[in-house]
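These notes concern the structure reproduced below.
The values are calculated or read from the model by the stated rules, or taken from the named source; none is laboratory data. Every value quoted in this text rests on a predicted model; they were computed, and no experiment measured them. Neighbour counts are summed over all protein chains in view; Cβ atoms, including those assigned to glycine, are modelled from backbone coordinates with ideal geometry.
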Amino acid sequence: MNYTEIDKKWNTRWQADALYKFDKTKIENKHYVLEMFSYPSGAKLHVGHWYNYGMADIYARYMRAQGKNVFHPMGFDAFGLPAENYAIKTGVHPADSTHKNISIMEQQLRDMGASFDWDYELATCNPDYYKWTQWMFIQLFKHGLAYRKNAPVNWCTSCNTVLANEQVIDGHCERCGSEVLKKNLTQWFFKTTAYAQELLDGLDKLDWPEKTKLMQKNWIGKSNGAELVFKLYNSDESFSVFTTRADTLFGCSYAVLAPEHPLVNKITTPQQRQAVEDYKLQASKTTEIERLSTAKEKTGVFTGAYAINPINGKKVQVWVGDYVLATYGTGAIMGVPSHDERDYIFAHKHNLDIVRVIKSADDSADELPYTEYGIMVNSGKFNGMTSEEGAINVAKELEKQGLGKLVTNYRLRDWLVSRQRYWGAPIPIVYCPHCGMVPVPEKDLPVLLPYDVEFTPDGASPLAKHPEFSNVTCPICGAPSKRECDTLDTFVCSSWYFLRYPDNKNEDMPFDKQLIDRMLPVDKYVGGPEHACTHLMYSRFFVKALRDMGYLDFDEPFKSLVHQGVILGPDGNRMSKSHGNVISPDTYVSQYGSDIFRSYIAFAFKYIEGGPWKDEGVKAIARWYDKVERVVIDAYSTRNQQGNSPMDKELKYYLANTIKCVGQDYQDFSYNTAVARMMELVNTMAKYQAQANYDGKLLFNTVLDFLRVLTPLAPHICEELWEQLGQEYSICNQRFPSYNDRDLVMDTVELAVQINSKIKCRINVDSNLSVKEIETECLKDAQVIQLLDGMNVKKVIVIPNRLINIIV
RNA sequence: GCCGAUGUGGCGAAAUGGCAGACGCAAGGGACUUAAAAUCCCUCGAGGGCAACCUCAUGUCGGUUCGAGUCCGACCAUCGGCACCA
């Protein structure tokens, strides 16, 4: 069989016949299968694409064969830095390179033979898409979920743009690896923190990998504690600190404000001003990396001011220190050196008091700092209380005096969405000298991204250098105004694309609510785990926000999620040009065809784990398909042969077992075992054919069912064989076969016989015997009697279909 | 440092607490062939024994159990995530 020719033959026909067309009239039976869409790079599809799209296609085809109305769209995440950086390097405009890449990649994806319905294609860089991305922004803005603020933000020195918290990995830019600085800038944020609790609670109900849910949970970082008010000594000013350990408040001997804390300037005494100013300057110049590398060193400067410990009225020094984060809690902490490691180091270095106020229950482990929970001491009327009780009671006591309250804090920050780059969706806001921030009226959307822009990155937004774009009149009062010239983070575009697919041609709305409420959530979402705290979190935020604004009626975008593993280079490193270890699927596909290639990657790896590439087995899979062809064609030629064989029962068993196991495996993305089961069946069919005078009709029917089972994995080959067997087009419309439970039961079954848990022999018993009967049968067995040799049988454990354990 | 995952033949990997290594690859032997390819058959965790068989083996050490790759505890190694989050 010429596999590459049949790829073409059938793929062309399937596309001409629109075989994978989603039936919009039967939404109640829909099954939405989605793979994370891809970035249109100029390169050819790589092994990773095949691993993601090819393998998920097996699932999609299986669900089709189960009678589901499968919705399986594909599109492109087309805005973003690579195209822009490519443009800076080569001068090719991002719009041109992107559109070209999309058409190349689309063709490659079509050639893959996956069951996408291309009618629903979308690309986020097209105005008819980003019009609605902008619309989303405006809705969020109107509901107070998009806002602008000046804050310390992450600045990538090489990309010349700000980054979201989620895009900073170990102090480096996730995209280019350059160092990230903290800068105070006015930027746009989405209020993801408004949904912190719901994002956390919703995780329980999701069929997602536990690991991923845990990552989101940790990222959200809920922590219960208290805010306590410290009044400044001889002043009307005060500040709050956040703590989870209000039980240690009696041990507080100082307080620290973050360098960016607004109160620092107000309270610093003239004598300390110079030192504090110097310290602040130095802190602002520190990169994330430097802060991390000096993590253990606790620097700081005394402000000269004193505050009052609210629980005991003690006067404590107020310091500035960069180990306190401006962006978490209140940007200020109480220093309790005796019971916090960092405070301990800080106090030691700066000669501050260390007062023990918690004791361990058993008087052991009394070294300071003691950071565990324990019993309160030196704490006035709270003495003797446990830390758990104390943390709540101290806060409640202070609450009575208006000096404290219990609060919950989250580590999650609001999502920074503006970028100082060109190739993204413009933020639809106008700044009017009279009216302030004005959203672009919806009828004027999209705010088109102009083509003729100077997009060399120099830290300023490229659009600001385009006067026709940036100069507008205020939509409200008509006064000359300026447009917002930043663009949106591409993650904004990808946070709602799954909502657009089902209604991708809608010109009046981003999507029709009636439709979307029936089409969503996505039933099976497939993509890499690297998006755990970015795309997957942002999308959940979008759905919840849209729900609260009344645009849809469900809570979660992705009901069930599967992460594919990563196929590494043969050297065990991630495939990359710089490692020189990139494997191209094309070499294999052009030699063996797409079915054999995807069968190989299905068989050779555990799907969710992946692993280093190796290709020793590709030939073996090709050989296996040759064998399949031989067996199938032979079976066809003997289909009318009358006869019977002692193997009839065995053949039926293997068919039933294959149908059962492979169906389950397809559903579980356990493709390697699915292939193994089908190999067993083919081996059995071949063995059966070698029998004299076998039942040709039985074999032929077995072959037909086998091809139905194999189709999701190898649709082209199966379609070709199906035709050769004179069956009606198309096998892709055939139902997945069912099996008879009776066939799964063999007449007799071999059981291992253990004596004191050691296997001694095996016996064959009738498979429908009860546990009791098996025991009797076994103890009657001559071999067993001999092995027992008159020993005293204490107990017999029978595990049906497995073994018998005789305890003597 | 904290959280999580993983660890099984020469290799990829299988195993609802129940015969460890399914299914393959590679390797070796054989059949067919003038020969090769293809195909088919056999062997294939380690060690011991003429043998029927025996002993040891799922990172290490313990534990629970009639029975542990699987459950529990401690440790080691690798990978991933978070990391001054008060």
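Residue-by-condition table, conditions (1) at pLDDT 95 or above; (2) farther than 23 Å from A:Ala78 by Cα:
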| residue | (1), (2) |
| --- | --- |
| A:Glu389 | no, yes |
| A:Arg413 | no, yes |
| A:Leu449 | yes, no |
| A:Gly459 | no, no |
| A:Pro480 | yes, yes |
Exercise. When you go through A:Asp117, A:Asp77 one by one, which is the residue that is within 19 Å of A:Tyr422 (Cα to Cα), under 26 Å from the mean Cα position of the chain (by Cα) and modelled with pLDDT of 95 or more?
Worked result: A:Asp77
Problem set entry | Total residues in the range A:319-354, condition over 25 Å from A:Gln274 (Cα atoms), away from RNA strand B (no atom under 12 Å from the Cβ) and among the β-branched types (Val, Ile, Thr) | 1
Exercise. Taking the condition in contact with a strand residue (DSSP E or B) (Cβ under 7 Å, 6 or more places away or on another chain) and under 30 Å from A:Cys156 (Cα atoms), does A:Leu398 pass?
Worked result: no
Exercise. Among the numbered criteria (1) surrounded by fewer than 18 Cβ atoms within 10 Å (Cβ to Cβ); (2) over 30 Å from A:Ile596 (Cβ atoms); (3) not hydrophobic (A, V, I, L, M, F, W, C), which single criterion is violated by A:Asp111?
Worked result: (2)
Exercise. Within the range A:143-177, how many residues are part of a loop (DSSP other than H, G, I, E, B) and of a type outside the set (A, V, I, L, M)?
Worked result: 12
For this session: Restricting attention to the range A:755-774, report how many residues are touching a strand residue (DSSP E or B) at 6+ places or on another chain (Cβ under 7 Å) and either among the hydrophobic types (A, V, I, L, M, F, W, C) or at pLDDT 90 or above (or both).
Result: 7
Exercise. What about A:Thr658, is it more than 9 Å from RNA strand B (Cβ to nearest atom), free of Cβ contacts under 8 Å to residues at least 12 places away in the same chain and not in a loop (DSSP other than H, G, I, E, B)?
Worked result: no
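Residue-wise test of (1) surrounded by 22 or more Cβ atoms within 10 Å (Cβ to Cβ); (2) without any contact (Cβ under 8 Å) to a residue 12 or more places away in the chain; (3) in contact with a strand residue (DSSP E or B) (Cβ under 8 Å, 6 or more places away or on another chain).
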site	(1), (2), (3)
A:Tyr39	no, no, yes
A:Gly42	no, no, no
A:Val47	yes, no, yes
A:Ala56	yes, no, yes
A:Tyr62	yes, no, no
A:Lys68	no, no, yes
A:His72	yes, no, yes
A:Phe76	yes, no, yes
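Suppose we filter A:Lys8, A:Lys24, A:Lys100 for residues that are within 25 Å of A:Thr711 (Cβ to Cβ) and assigned to a helix (DSSP H, G or I); which single one remains?
Answer to the check: A:Lys8.
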Exercise. Which residues, taken from the range A:124-166, are of a type in the set (Gly, Ala, Ser) and closer than 22 Å to A:Gly436 by Cβ?
Worked result: A:Gly144, A:Ala146, A:Ala151
Problem set entry | Pair list, Cβ < 6 Å and 6+ apart or interchain, from the range A:20-36 residues that are of a type in the set (S, T, N, Q) to residues that are assigned to a strand (DSSP E or B) | A:Asn29/A:Asn69
Seminar exercise, completed: Taking the range A:175-197 and keeping only residues that are over 15 Å from A:Leu416 (Cα atoms) and surrounded by fewer than 17 Cβ atoms within 10 Å (Cβ to Cβ), one is left with A:Cys176, A:Gly177, A:Ser178, A:Glu179, A:Gln197
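Could you check the range A:355-439 for strands (runs of 3 or more DSSP E) lying wholly inside it with 2 or more residues that are of a type outside the set (S, T, N, Q), within 16 Å of RNA strand B (Cβ to nearest atom) and in contact (Cβ under 8 Å) with a residue 60 or more places away in the chain?
A:404-410
Could you pull out the residue among A:Thr456, A:Thr534, A:Thr473 that is touching a Ser or Thr at 6+ places or on another chain (Cβ under 7 Å), surrounded by fewer than 22 Cβ atoms within 10 Å (Cβ to Cβ) and of a type in the set (Ser, Thr, Tyr)?
That would be A:Thr473, the only listed residue that is touching a Ser or Thr at 6+ places or on another chain (Cβ under 7 Å), surrounded by fewer than 22 Cβ atoms within 10 Å (Cβ to Cβ) and of a type in the set (Ser, Thr, Tyr).
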Exercise. Within the range A:684-701, which residues are hydrophobic (A, V, I, L, M, F, W, C), outside any loop (DSSP other than H, G, I, E, B) and surrounded by fewer than 22 Cβ atoms within 10 Å (Cβ to Cβ)?
Worked result: A:Ala686, A:Leu698, A:Phe700
For this session: Take A:Tyr451 and decide whether it is touching a helix residue (DSSP H, G or I) at 6+ places or on another chain (Cβ under 6 Å), in a loop (DSSP other than H, G, I, E, B) and of a type in the set (Phe, Trp, Tyr).
Result: no
For this session: Looking only at the range A:739-751, decide whether some residue is assigned to a strand (DSSP E or B) and buried (at least 20 other Cβ atoms within 10 Å of the Cβ).
Result: yes
For this session: Answer yes if at least one residue in the range A:118-126 is free of Cβ contacts under 8 Å to residues at least 60 places away in the same chain, among the acidic types (Asp, Glu) and either buried (at least 22 other Cβ atoms within 10 Å of the Cβ) or assigned to a helix (DSSP H, G or I) (or both), and no otherwise.
Result: no
Exercise. Does at least one position in the range A:708-715 carry a residue that is free of Cβ contacts under 8 Å to residues at least 40 places away in the same chain, within 16 Å of RNA strand B (Cβ to nearest atom) and either at positive phi or in contact with a helix residue (DSSP H, G or I) (Cβ under 7 Å, 6 or more places away or on another chain) (or both)?
Worked result: no
Exercise. Any residue in the range A:544-556 that is in contact with a strand residue (DSSP E or B) (Cβ under 9 Å, 6 or more places away or on another chain) and assigned to a helix (DSSP H, G or I)?
Worked result: yes
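I'd like to verify a number: residues in the range A:11-21 that are touching a Ser or Thr at 6+ places or on another chain (Cβ under 9 Å) and outside any helix (DSSP H, G or I), how many?
3
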Seminar exercise, completed: Filtering the range A:331-350 down to residues that are assigned to a loop (DSSP other than H, G, I, E, B) and modelled with pLDDT of 95 or more yields A:Val336
Exercise. Within the bounds of the range A:776-790, is there any residue that is within 15 Å of RNA strand B (Cβ to nearest atom), within 47 Å of the chain's Cα centre (by Cα) and more than 30 Å from A:Leu704 (Cα to Cα)?
Worked result: no
Exercise. Where in the range A:580-646 are there helices (runs of 4 or more DSSP H), lying wholly inside it, with at least 2 residues that are within 7 Å of RNA strand B (Cβ to nearest atom) and within 19 Å of A:Gln724 (Cα to Cα)?
Worked result: A:618-637
Problem set entry | Any pair with Cβ under 9 angstrom, 6 or more apart, that starts in the range A:758-778 at a residue that is within 16 Å of A:Asp747 (Cα to Cα) and acidic (Asp, Glu) and ends at one that is part of a strand (DSSP E or B) and more than 12 Å from RNA strand B (Cβ to nearest atom) | A:Glu773/A:Asp766; A:Glu777/A:Asp766
For this session: Give A:Leu651, A:Leu681 a once-over and let me know the one that is more than 13 Å from RNA strand B (Cβ to nearest atom), outside any strand (DSSP E or B) and either under 27 Å from the mean Cα position of the chain (by Cα) or at pLDDT 90 or above (or both).
Result: A:Leu651
